[in-house]
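Structure first, commentary second.
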Number of protein chains: 4
Amino acid sequence: MKDLRQRKIELFQQNNKDKARLLISCPDKPGIVATVSEFLYEHGANIIQSDQYTTDPEGGTFFMRVEFTMPNLSEFEQKLESDFSTIGESFKMDWHFAYAYHIKKMAIFVSKQDHCLMELLWQWQAGDLVADIAVVISNHPDLGPTVEQFGIPFYHIPVTKETKDEAEEKQLKLLEQFDIDVSVLARYMQILSPKFIEAQPLKIINIHHSFLPAFIGARPYERAYDRGVKIIGATSHYVTDDLDEGPIIEQGVQRVDHSYNAEDLKRIGRSVERSVLARAVAWHLEDRVIAYKNKTVVF
Amino acid sequence: MKDLRQRKIELFQQNNKDKARLLISCPDKPGIVATVSEFLYEHGANIIQSDQYTTDPEGGTFFMRVEFTMPNLSEFEQKLESDFSTIGESFKMDWHFAYAYHIKKMAIFVSKQDHCLMELLWQWQAGDLVADIAVVISNHPDLGPTVEQFGIPFYHIPVTKETKDEAEEKQLKLLEQFDIDVSVLARYMQILSPKFIEAQPLKIINIHHSFLPAFIGARPYERAYDRGVKIIGATSHYVTDDLDEGPIIEQGVQRVDHSYNAEDLKRIGRSVERSVLARAVAWHLEDRVIAYKNKTVVF
Amino acid sequence: MKDLRQRKIELFQQNNKDKARLLISCPDKPGIVATVSEFLYEHGANIIQSDQYTTDPEGGTFFMRVEFTMPNLSEFEQKLESDFSTIGESFKMDWHFAYAYHIKKMAIFVSKQDHCLMELLWQWQAGDLVADIAVVISNHPDLGPTVEQFGIPFYHIPVTKETKDEAEEKQLKLLEQFDIDVSVLARYMQILSPKFIEAQPLKIINIHHSFLPAFIGARPYERAYDRGVKIIGATSHYVTDDLDEGPIIEQGVQRVDHSYNAEDLKRIGRSVERSVLARAVAWHLEDRVIAYKNKTVVF
Amino acid sequence: MKDLRQRKIELFQQNNKDKARLLISCPDKPGIVATVSEFLYEHGANIIQSDQYTTDPEGGTFFMRVEFTMPNLSEFEQKLESDFSTIGESFKMDWHFAYAYHIKKMAIFVSKQDHCLMELLWQWQAGDLVADIAVVISNHPDLGPTVEQFGIPFYHIPVTKETKDEAEEKQLKLLEQFDIDVSVLARYMQILSPKFIEAQPLKIINIHHSFLPAFIGARPYERAYDRGVKIIGATSHYVTDDLDEGPIIEQGVQRVDHSYNAEDLKRIGRSVERSVLARAVAWHLEDRVIAYKNKTVVF
């Protein structure tokens, strides 16, 4: 199975060997688009897709994502970046080039529930989610065999109140060892410490099983049932120090009615969670998400 | 215009002259459906639609709505109810017959915004909302001319902190005078007193401009914008003492993205509010909604 | 893995050992609900859920689904059915009792694409889809190893124009051998012969990769792309002689825009197909679907 | 009422006095974005929003919409266009500048049904739809009084098979007289002649009461009912010679079930039609729609 995936990844890299995305945030002022597109044109790039957004044309923040191709791009990465740095400085940009053929290394954190994990693994296997899923980490051993069937290393790191610090150190060491770019909490039922989060800012994606900011915190489906809502939802967001308050990447909903009990809400919710998380992760992998303040721009 | 509406109502009454709905809530136990359907059969009724729900077959609460026709029903209302009362007692039912040809008298409360009011008036004029809209009450004079174009009396009752008690007394007097069955708060931007609400339990329908319980309270669209949600919504509910906490009748949502500012959210929200409120009011008018605890069963 | 599933099925059977559904279609006339509910009450049954629908209270067709529990039901199946047969005759009913603890035996037909198959297998493994998936049949060998990982027999029966009759005979023999109740075509890219279909009326469920009746026939995503539609969909239906014209059980849709090419539509479509087919199959397994003419009633 | 609207339009023009959109279609090749954004920058324009799409980076068609502000724009319209024409020529562009403060003149065609007309009039009155609705034309007199209440001229031009040519001539004369930019068929139940359509290419927007290409032609709700679909929809498109085959601008859907009869589908459909048409018209007015072949790009 691993070989097939390896071949798929190589095929993807081959098909995208000249493709990159340039991501920019900066204070808005006239001339940004002209300067950036002129720069790309002069460097022989062909723009495939370009999106931009400004919070306010006068004095707001400007965001841009440009997807382009450039012949023999991999040989020119350094030159491109060094040439662009003067533009970046003059406009006070936060910028980076993301090369499509550099496949992102992903870690998945799970507890006992498998539905979000399985959706990711499955889309990954189908080639719909392009990532290098390098490791799965869990505070329970249950999903080990499933994960290993996919040829992915599985680490069982139990977490108790007493061992939490130690466990997080082990986890961080694994993230370092596998050179992880992004961590996905696929219904990982543990609250991460500020220290852990700060070590990987905007690199941890969570799925919360409610339509935030409704039902922040624990047991959202039971509380949705008690409140008698007619629609339930799920929210995928970057993890920050504030529990369930990080920048929202994607949300999804599903209609329910009085005849659904809390178990039904959970069952339906699982399906919403799966698709919301998978979309959020895919957009992150395609460099479509820019976080600012407590929000996201999704291009 | 009034005559046309009058003719529509008369036509509706003619078409529904033998139609009624029986609504029941009671402790669940075997034999309820058998007893009720046997009763209706013996009284010559033909069941058109029957819905039921139990919170728990063992010791839960049972809800039922039966829509039926019965020849010359209007002559037998009293007999039907008196005959049914023994069944009602033996099963400890909360029950009532609602006759489709008794058109409900409605009051609408508004402030300055017209979109929810207009949706109701318009659906009413089109014959999609079958009610007798007897009066519109507002704390501002602005919508008077619009309402009067529809041939409906409009009362401007200003409300200030000082005059609130007095204003509510005037409002209650109007509700009595017009023999109102249901009041709809169509973006009426005033908080009603417990006294006012208790005078008409489960007879006041509100539209809240957020997907409750997210953004309870004031300025929900601004807060939705600040939170960066990807979906906004509206909620229609019965008004109880607890602000924005009454039983939810209906909710609706609409996708948004980072490019929508607070004004855009309001504009899109208006469209969601209109349709959610209109659905909730229609269901109430068709006797489809049974409230229990802080929830609703919508058949 | 098989033992876990076996235990889940046994647990389900244990939890549902006294539960059944009575399904009825008949000419509408007064007294049906009263007679049926009286019958169930006298036999000691407790109604959990009851749904009904009539195409026309006067002279139309009446449909009913009653879910009930009855102590020691499995010992009384025969008595129940023989007692009910007189009622059935007098109302000219098409009726049957479906016992929840009799798990339906399912066959899945696939070609090379795995997404619909995997969704079914996965929901089945999670216990969300209660069936005994007895066999998977394919005209290609590709998905054999995947299926066998789940402990399910996989039969590769190649189909060519020349061998089609012979292949269908082999398939029918397998359906008989495994005592199959329902066959699911999970993107099985072959047209079945009338003979094959007639052998199992309303027992074959298909997923069509378009929002029928739009794009009947082959290559629907390519045609949706060419037409520039703004929403794509999928349709699950019972298979009849008329290609893509059988009674629709469920449909689902997803918004798209000009930037999606035909491959994107396929990718998004896969996700719609998965969920639509899984819902349709679940409803069939729970005896919620009654077909009449070329439509379905879904209770 | 007219004065209020006039003041709203003037306020809009004041708020948008320096805003325009540049719309471009041309063969894709490197350098377009750079050239266009450089041009705008040099002319002192500030880009607010820029969207682009290419059917294929190599040899496809490129589409672009740039929204920008420029101080004292109204004085520089001619210079801007004459300066841009050399760029337009060198890239073989189809291009035009649309100035936000030039309010588009709209004609609405109706028959007897008022729901789509009313939605447009209402959104227009609320200031959500920025157009100059100059005239309403109908083949029936019924909606005259309603339209005139809004202070809009209403012309009753009956259409029979015999008088169709003559009627269309009258209509075209009115369109000319009122200097109409866009005509909206708000459930105008007449088929227009090729001659009429060709006189205003891509300037006529229709609402079709089905989810095209399902149920092309007459009586779509009846046919949707007969087919037993589980979702109904509406489609807004530019009118071309091919009935119901013009480029689709927007579509919307709503779930239904077996209990909805054809009248219910029509009632629900009216609500879908209203919102789909209003969105399509708004996008056209904001110069967001570019038609090519038989499709649209909606920015």
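The values are calculated or read from the model by the stated rules, or taken from the named source; none is laboratory data. These numbers were taken from a predicted model, which means no experiment stands behind them. Because the Cβ atoms are built from the backbone with ideal geometry, glycine has one as well, and the counts that use them run over all protein chains shown. What goes into the accessible areas is simple: the full protein's heavy atoms, side chains included, and nothing from ligands, DNA or RNA. Shrake-Rupley method; radii C 1.70, N 1.55, O 1.52, S 1.80 Å.
Here the range A:1-40 is the region considered, the condition is being of a type in the set (Lys, Arg) and away from every other protein chain (no Cβ under 13 Å), and the residue that is nearest to A:GLU58 (Cα to Cα) is A:ARG21.
Here is a yes/no grid of residues against (1) under 26 Å from A:GLY217 (Cβ atoms); (2) within 18 Å of the chain's Cα centre (by Cα); (3) not hydrophobic (A, V, I, L, M, F, W, C):
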| residue | (1), (2), (3) |
| --- | --- |
| A:ALA167 | yes, no, no |
| A:LYS173 | no, no, yes |
| A:PHE178 | no, yes, no |
| A:VAL184 | yes, yes, no |
| A:ARG187 | yes, yes, yes |
| A:SER193 | yes, no, yes |
| A:PHE196 | yes, yes, no |
| A:PRO201 | yes, yes, yes |
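D:LYS29 passes every criterion in (1) touching a strand residue (DSSP E or B) at 6+ places or on another chain (Cβ under 9 Å); (2) open to solvent by less than 70 Å² (accessible area, probe 1.4 Å); (3) not small (Gly, Ala, Ser) apart from (2).
Which of the residues spanning the range A:255-268 are modelled with pLDDT of 95 or more and in contact with a Ser or Thr (Cβ under 9 Å, 6 or more places away or on another chain)? The answer is A:HIS258, and nothing else.
So which of B:ASP142, B:ASP181, B:ASP165 is in contact with a strand residue (DSSP E or B) (Cβ under 7 Å, 6 or more places away or on another chain), farther than 30 Å from B:ARG255 by Cβ and charged (D, E, K, R)?
B:ASP181
Scoring B:SER138 on the criteria (1) modelled with pLDDT of 95 or more; (2) closer than 20 Å to B:ALA280 by Cα; (3) in the same structural domain as B:ILE180 (by TED's automatic domain parsing) leaves a single failure, condition (2). Would you pick out the residues in the range C:203-218 that are surrounded by fewer than 22 Cβ atoms within 10 Å (Cβ to Cβ), within 20 Å of the chain's Cα centre (by Cα) and not basic (Lys, Arg)? Within the range C:203-218, just C:PRO213 meets the criteria. Just a yes or no: is a residue in the range C:33-46 within 26 Å of D:ALA262 (Cα to Cα) and at pLDDT 95 or above? No, the range C:33-46 contains no residue that is within 26 Å of D:ALA262 (Cα to Cα) and at pLDDT 95 or above.
When A:ILE207, A:ILE232 are checked against the criterion of being under 19 Å from B:ILE232 (Cβ atoms) and touching a residue at least 40 places away in the same chain (Cβ under 8 Å), A:ILE232 stands alone in meeting it. Condition (residue is open to solvent by 20 Å² or more (accessible area, probe 1.4 Å) and without any contact (Cβ under 8 Å) to a residue 40 or more places away in the chain) applied to the range D:181-193: is it met by at least one residue? Within the range D:181-193 (the criterion being open to solvent by 20 Å² or more (accessible area, probe 1.4 Å) and without any contact (Cβ under 8 Å) to a residue 40 or more places away in the chain), the answer is yes, since at least one residue qualifies.
Of the residues making up the range A:135-151, those that are open to solvent by 10 Å² or more (accessible area, probe 1.4 Å) and within 18 Å of A:LEU277 (Cβ to Cβ) are A:LEU143, A:THR146, A:PHE150. One residue alone among B:ARG288, B:ARG270 is touching a residue at least 60 places away in the same chain (Cβ under 8 Å) and within 16 Å of the chain's Cα centre (by Cα), and that residue is B:ARG288. Taking the criterion of being touching a residue at least 24 places away in the same chain (Cβ under 8 Å), of a type outside the set (Asp, Glu) and open to solvent by 50 Å² or more (accessible area, probe 1.4 Å), the residues of the range A:71-111 that qualify are A:PRO71, A:ASN72, A:SER74, A:PHE76, A:LYS92, A:TRP95, A:HIS96, A:LYS105. Just for the range A:41-64: of the residues that are among the aromatic types (Phe, Trp, Tyr) and facing chain D (nearest Cβ under 8 Å), which one is surrounded by the fewest Cβ atoms within 10 Å (Cβ to Cβ)? Ranking the candidates gives A:TYR41 first. Inside the range C:247-299, residues that are polar (S, T, N, Q), more than 9 Å from chain D (Cβ to nearest Cβ) and in a strand (DSSP E or B) make up a count of 1. Residue check: B:ASP244 meets all listed conditions (1) among the acidic types (Asp, Glu); (2) free of Cβ contacts under 8 Å to residues at least 60 places away in the same chain; (3) more than 30 Å from A:GLU245 (Cβ to Cβ) but one, namely (3). Could you tell me which residue of the range C:219-274 is nearest to C:ILE197 (Cα to Cα), considering only residues that are among the small types (Gly, Ala, Ser) and open to solvent by 40 Å² or more (accessible area, probe 1.4 Å)? Within the range C:219-274, the match that is nearest to C:ILE197 (Cα to Cα) is C:SER271. The number of residues in the range C:216-232 that are within 30 Å of C:ASP181 (Cα to Cα) and at the interface with chain D (Cβ under 10 Å from one of its Cβ atoms) comes to 1. Taking the conditions exactly as written (over 18 Å from C:ARG274 (Cβ atoms) and either touching a residue at least 60 places away in the same chain (Cβ under 8 Å) or more than 14 Å from every other protein chain (Cβ to nearest Cβ) (or both)), does C:GLU176 satisfy them or not? Yes: the conditions hold for C:GLU176.
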